[in-house]
Amino acid sequence: MWARAEWGALVQLQPSPVRVPFPVSFDSNELLMEFIDDGEGNAAPRLAQVRPDPEALDTLWRQFREIVLALAATGHTHGDLSPYNLLVAPGVDGSPHGQLVVIDLPQLVDVVVNPDGFDYLRRDIVNVATWFAARRAQADAESLFAEAVAVLY
Ligand SMILES: Nc1ncnc2c1ncn2[C@@H]1O[C@H](COP(=O)(O)OP(=O)(O)OP(=O)(O)O)[C@@H](O)[C@H]1O
Ligand SMILES: [Mg+2]
């Protein structure tokens, strides 16, 4: 059931400003998806494993904001977001900074329908903003939460 739910979420997010692994196939309980690599064939690191310089940190925070707002614009939040469920893929178009890829999506939450939807939305934002703020990035969880609530349909 979890694999089916994740398959549904990955399909729903294709195409979308939120980059997720491309869903390849789903068969009974087996889900095959795009392998996000680090450019050298190894798995891309989780956000929790990287040590971005201040400029890269700002770029990644901006990407995170776009992810939260794009999901919110469809009425959703990830539901289990943390620096462990965001991978940092090599930057696109030669950018020296990485690109965030969202993984681990079986519990995608409908913020409006779910009775705890707003709590999930806030928790997702706070989990990641705390990581950024600990590294001295300008990452304000409450203002991003307010922005996300404002774009919920
Ligand atoms: N598409 C992918 N490409 C590369 N690595 C991946 C991919 N999906 C998952 N991983 C790696 O596997 C780890 C676990 O993935 P995921 O979070 O989806 O599984 P999980 O069973 O929910 O694990 P956890 O309980 O640790 O969150 C990720 O943190 C990442 O390192
Ligand atoms: Mg995970």
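Here are a few things to note about the model shown:
- Val68 being within 27 Å of Glu147 (Cβ to Cβ), more than 13 Å from ligand 1 (Cβ to nearest atom), at pLDDT 95 or above and not in a helix (DSSP H, G or I): no
- Looking across segment 27-48, the residues that are part of a strand (DSSP E or B), modelled with pLDDT of 95 or more and more than 9 Å from ligand 1 (Cβ to nearest atom) come down to Leu31, Leu32.
- Matching residues in segment 71-110 - criterion: being part of a loop (DSSP other than H, G, I, E, B), in contact with a Pro (Cβ under 7 Å, 6 or more places away or on another chain) and β-branched (Val, Ile, Thr): Ile103
- Residue in segment 15-31 that is within 16 Å of the chain's Cα centre (by Cα) and surrounded by fewer than 11 Cβ atoms within 10 Å (Cβ to Cβ) present: yes
- Selection status of Arg51, assigned to a loop (DSSP other than H, G, I, E, B) and more than 17 Å from the chain's Cα centre (by Cα): yes
- Test: residue in segment 77-85 that is touching a residue at least 60 places away in the same chain (Cβ under 8 Å) and open to solvent by less than 50 Å² (accessible area, probe 1.4 Å): yes
- Test: residue in segment 121-132 that is open to solvent by less than 50 Å² (accessible area, probe 1.4 Å), part of a loop (DSSP other than H, G, I, E, B) and either within 16 Å of ligand 1 (Cβ to nearest atom) or of a type in the set (Ser, Thr, Tyr) (or both): no
- Look at (1) within 16 Å of ligand 1 (Cβ to nearest atom); (2) at positive phi and you find that Asp93 fails only one, number (1).
- Single residue of segment 32-59 satisfying the filter (among the hydrophobic types (A, V, I, L, M, F, W, C) and in contact with a strand residue (DSSP E or B) (Cβ under 6 Å, 6 or more places away or on another chain)) that is most open to solvent (accessible area, probe 1.4 Å): Leu32
The values are calculated or read from the model by the stated rules, or taken from the named source; none is laboratory data. Being a predicted model, the structure only gives us computed values, none of them experimental. For neighbour counting, all protein chains shown are included, and Cβ atoms are generated from backbone atoms with ideal geometry for every residue, glycine included. The area values use the complete protein model at the heavy-atom level, side chains included, leaving out ligands, DNA and RNA. Shrake-Rupley method; radii C 1.70, N 1.55, O 1.52, S 1.80 Å.
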